[in-house]
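Asks: This is the structure, below, for whatever I ask next.
The values are calculated or read from the model by the stated rules, or taken from the named source; none is laboratory data. This one's a predicted model, so the numbers in the text were calculated from it and none came from an experiment. When we count neighbours, we look across all protein chains shown, and the Cβ atoms used for this are built from the backbone with ideal geometry, even at glycine. What goes into the accessible areas is simple: the full protein's heavy atoms, side chains included, and nothing from ligands, DNA or RNA. Shrake-Rupley method; radii C 1.70, N 1.55, O 1.52, S 1.80 Å.
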Amino acid sequence: SGLTAEAAVDRVRNEHRARFAKARDPYIRERLHDFEDLANRLLRVLAGDKPGERELPEDAILVARNLGPADLLEYPRDRLKGVLLEEGSAASHAGIVARALQIPCVGRLMGLRDRLSEGDLVIADGESGEAYLRPRPEMLEAVQQRIAVREQRRAEFALLRDVPAMTLDGTRITLLSNAGLAVDLDTLDDAGSEGIGLFRTEFQFMVSEELPRLEAQTQLYRRVLDAAGDRPVTFRTLDIGGDKVLPYLDAEREENPALGRRAIRLGLDRPSLLRLQLRALLHAAAGRELRVMFPMIAMVEEFRAAREMVDVECAWARRRGRALPQLLRVGAMIEVPSLLFHLDALLPLTDFVSVGTNDLLQYMYAADRTNPLVSDRYDPLSPPSLRALQEIQTRCAETGTPVSVCGELAGRPLEAFALVTLGYTRLSAPAGGVGPVKRMVLSLDLPAARRGMANLLGSSAGSIRNEVESLARKLNVAV
Ligand code: PEP
Ligand code: MG
């Protein structure tokens, strides 16, 4: 209607801003960022900027109010060394993409842009979630030393890449990595990972601006299987709801989304989404092995119903003469405490299980993992957590059910020491954790560790971190 293209984009953006600002629901207000992201990208394209070709100086740290899910992928990866956001958090979309690219990302830095000028020296510490503006020379030196130690470690881990993870007494431990985006696949080989123990399929949905269609889902799953080659991949079906909200999926407002209609609950209540995903997985894995697991199973009936959906999809494909996976394994995640008391009923129904300690512990301790006020109140290295993990391992061993641990714990050497000592031989961790955990495994004398750990589990203390660490040090385990 007579406006230039740029002015038209700007007008629509202003209309959206006004509409979103009125929304009472904070989730809806948050979604404004996605529209802003889209409008900014449109404006940049109209100005002749080609996606994927944004310029950056060497060793750049990007400072932004917020970033859209796709923005980060447009910067040259070798120059971008850190991301600081005023609004987003490490758990935000941009944070997820940054982690996949192994770029430190710190969020919730209010008013940052007013305190910095272009060219200022900044340290982005993704580990502690802090940023240091114009650091003093001593600070800089300390950080550089830390980086040097890290680089040295990384070189040591690279040497271990093709060494099998075997304890001193000859127990073989399988080290897998967690992934969720196509960019994670690049790190699979470097990390020396033996496969993907947890592929978080919802990430594709979270960084997408609309519901990924059957074809897009199939393509991604096929790429993942191709990249893994003959290494196993375990796909976890959609885990949305809770803190993972999809803007294009109208969900009912819930007072307490972490205890709400998350993951498999949504999949069973609105089966079309899950059915489509299962179809894509079966199709992508035609002629190969397919491993699928369901998140947030709280009752045996849920697993039964989900597994039945897989059977129905297989029958559908067969009727149409479609090729099916050569081997199909269906598993459950153990991340809701109720299952601990029904393993005898669950395990015979599954081909394998994987323990999601991130959720299992948040629900056991009733402490929201995304809430910094409570998420650190309990220690995973405590008698209740370790006894729960021991119980799962024992029941799985008795029934011959393959079991792995795929929470973040599995990627930390001290925690992994405890897990392996409890009998777990399959761990899936963020790719960066594979090297450090392998180093730990190679130095571990398992029978001695087992004897020491048995005494610690009887402790009445809230945390036995120091005791577990002393045990590891006494046995010269590299934690
Ligand atoms: C877990 O809960 O431990 C897990 C691996 O799944 P996510 O972190 O994606 O909830
Ligand atoms: Mg989970």
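Asks: Mind ranking 166-172, 202-208 by how tightly packed they are, going by the mean number of other C-beta atoms within 10 angstrom, highest first?
Replies: Details: 166-172: 13.6, 202-208: 19.6.
Highest-to-lowest ranking by the protection proxy: 202-208, 166-172.
Asks: LEU62's amide H: which non-local residues (gap 5+, or another chain) put their own amide H closer than 5 Å, with H modeled 1.01 Å from N in plane and none for Pro or chain starts?
Replies: Correct list: LYS81, GLY82, VAL83, LEU84.
Asks: Over the stretch 5-137, what per residue volume does the convex hull of the Cα atoms give, in whole Å³?
Replies: Working: hull volume 16.0 nm³, N = 133.
Enclosed volume per residue, from the Cα hull, is 121 Å³.
Asks: If you place +1 on the Cβ of every Lys and Arg, -1 on the Cβ of every Asp and Glu, and leave all else neutral, what size is the dipole of the stretch 203-327 about its Cα centre, to the nearest 20 Debye? Write out the running numbers ahead of the final one.
Replies: Values: 21 positive and 18 negative charges, 118 e Å.
Rounded to the nearest 20 debye, it is 560 debye.
Asks: Give the Cα extents of the chain along the principal axes, in whole Å, largest first.
Replies: Here the spans come out as 76, 68, 42 Å, largest first.
Asks: How high is the relative contact order of the chain, in percent, with contacts defined as C-alpha pairs under 8 Å that are six or more residues apart? Each step should come with its number before you reach the end.
Replies: Numbers: 801 pairs, mean separation 56.0, N = 479.
For the chain, the relative contact order is 12 percent.
Asks: Using a 1.4 Å probe on the protein heavy atoms, what percent of the accessible area of the chain belongs to carbon and sulfur? It would help to have the intermediate numbers written out before the result.
Replies: Working: 11890 of 23590 Å².
Carbon and sulfur: 50 percent of the exposed surface of the chain.
Asks: May I ask you to list the GluC sites (Glu not before Pro) in the stretch 333-403 that are in a DSSP loop and have at most 14 other Cβ atoms within 10 Å of their Cβ? Let's see the in-between values first.
Replies: Values: sites: GLU335, GLU391, GLU398; in loops: GLU335.
Here no GluC sites (Glu not before Pro) fit, given the DSSP loop and packing criteria.
Asks: Averaged per residue, what accessible surface does the stretch 155-474 expose to a 1.4 Å probe, in Å²?
Replies: Working: 13580 Å² over 320 residues.
Per residue, the stretch 155-474 has 42 Å² of solvent-accessible surface.
Asks: Here's a follow-up. What does DSSP give for the chain in terms of the percent of beta bridges that are antiparallel, rounded to the nearest 5?
Replies: Values: 7 of 42 bridges.
Antiparallel bridges make up about 15 percent of those DSSP assigns within the chain.
Asks: Roughly speaking, what is the stretch gain from ALA366 to GLU55, that is 0.36 nm per residue apart minus the C-alpha to C-alpha distance, in nm to one decimal?
Replies: Working: separation 311, 0.36 × 311 = 111.96 nm, distance 4.57 nm.
Using 0.36 nm per residue and subtracting the Cα-Cα distance, I get 107.4 nm.
Asks: Turning to a different aspect of this structure: For n ≥ 4 DSSP H runs only, could you compute -39500 (n - 2.57) per run for the chain, divide by its residues and tell me the 222 nm figure to the nearest 500? Numbers along the way, then the final one.
Replies: Details: 18 runs with 208 residues, N = 479.
Counting only the DSSP helices, I get -13500 deg cm²/dmol.
Asks: Would you kindly derive the ³J(HN,Hα) couplings of the stretch 300-313 from the backbone phi angles with the Karplus curve 6.51 cos²θ - 1.76 cosθ + 1.60 (θ = phi - 60°), listing them in order in whole Hz, with x for Gly and Pro?
Replies: Per residue, the Karplus-derived 3J(HN,Hα) values read 4, 4, 5, 5, 4, 5, 5, 5, 5, 4, 5, 4, 4, 5 Hz.
Asks: While we're looking at this one, here's another question. Relative contact order (percent) for the stretch 308-417, with alpha-carbon contacts under 8 angstrom and 6 or more residues of separation? Display every interim value, and only then the final one.
Replies: On the way: 107 pairs, mean separation 29.9, N = 110.
Relative contact order here is 27 percent.
Asks: Sticking with this one: For the peptides 131-143, 430-442, what is the packing order when you average, over each peptide's residues, the other Cβ atoms within 10 Å and list the highest mean first?
Replies: Values: 131-143: 12.7, 430-442: 23.0.
Order by mean packing, descending: 430-442, 131-143.
Asks: If you plug each phi of the stretch 32-43 into the Karplus form 6.51 cos²θ - 1.76 cosθ + 1.60 with θ = phi - 60°, what whole-Hz ³J(HN,Hα) values come out, in order, with x for Gly and Pro?
Replies: So the J values, rounded to whole Hz, are 3, 4, 5, 5, 4, 4, 5, 4, 5, 5, 4, 5.
Asks: Could you order peptides 404-415, 462-473 by the average number of other Cβ atoms within 10 Å of their residues, highest first? Walk me through the numbers on the way to the answer.
Replies: Values: 404-415: 23.8, 462-473: 16.8.
Output ranking for 404-415, 462-473: 404-415, 462-473.
Asks: What residues qualify as long-range amide H neighbours of VAL233, i.e. H under 5 Å apart, gap of 5 or more or another chain, H built at 1.01 Å from N?
Replies: Correct list: ILE196, ARG291.
Asks: Let me have the relative contact order for the stretch 5-137, percent, based on Cα pairs under 8 Å that are six or more residues apart.
Replies: Values: 185 pairs, mean separation 21.6, N = 133.
After rounding, I find 16 percent.
Asks: Quick one: putting +1 on the C-beta of Lys and Arg, -1 on the C-beta of Asp and Glu, what dipole do you get for the chain around its Cα centre, in Debye to the nearest 20?
Replies: Values: 64 positive and 68 negative charges, 170 e Å.
Computed charge dipole of the chain: roughly 820 debye.
Asks: Mind jotting down the three principal axis lengths of the stretch 339-479 based on Cα atoms? Whole angstrom, largest first.
Replies: 40, 38, 33
Asks: Determine how large the accessible area of ASP190 is when every protein chain is in place; take a 1.4 Å probe and give Å² rounded to the nearest 10.
Replies: Answer for ASP190: close to 110 Å² accessible.
Asks: Here's something else I'd like to know. Around ARG213, under 15 Å between beta carbons, what's the net of Lys plus Arg minus Asp minus Glu among the other residues?
Replies: Charge balance in the 15 Å sphere: 0.
Asks: I would also like to ask the following. Could you give each residue of the stretch 191-204 its phi-based ³J(HN,Hα) in whole Hz, using Karplus coefficients 6.51, -1.76, 1.60 with θ = phi - 60°, and x for Gly or Pro?
Replies: Karplus values, whole Hz, x for Gly and Pro: 6, x, 7, 8, x, 10, x, 8, 9, 7, 5, 5, 4, 4.
Asks: Can you give me the long-range amide H partners of ILE240? Hydrogens built in the peptide plane at 1.01 Å from N, cutoff under 5 Å, separation of 5 or more residues or another chain.
Replies: ALA263
Asks: At ALA286 and LYS474, where each label point lies 7 Å from the Cα along Cα→Cβ, what is the point-to-point distance in nanometres?
Replies: For the pair ALA286/LYS474, the computed spacing is 5.9 nm.
Asks: Let me know the volume per residue of the alpha-carbon convex hull for the stretch 112-266, in Å³.
Replies: Details: hull volume 33.6 nm³, N = 155.
Roughly 217 Å³ of hull volume per residue.
Asks: Further question: Once the piece of chain linking ALA454 and ALA18 is laid out straight, how much longer is it, given 0.36 nm per residue of separation minus the C-alpha distance between them? Don't skip to the answer; put the middle values down first.
Replies: Working: separation 436, 0.36 × 436 = 156.96 nm, distance 6.13 nm.
Roughly 150.8 nm would be gained on extension.
Asks: What number comes out for accessible area per residue over the stretch 1-55 if the probe is 1.4 Å? Units Å², please. Walk me through the numbers on the way to the answer.
Replies: On the way: 3990 Å² over 55 residues.
That works out to 73 Å² per residue.
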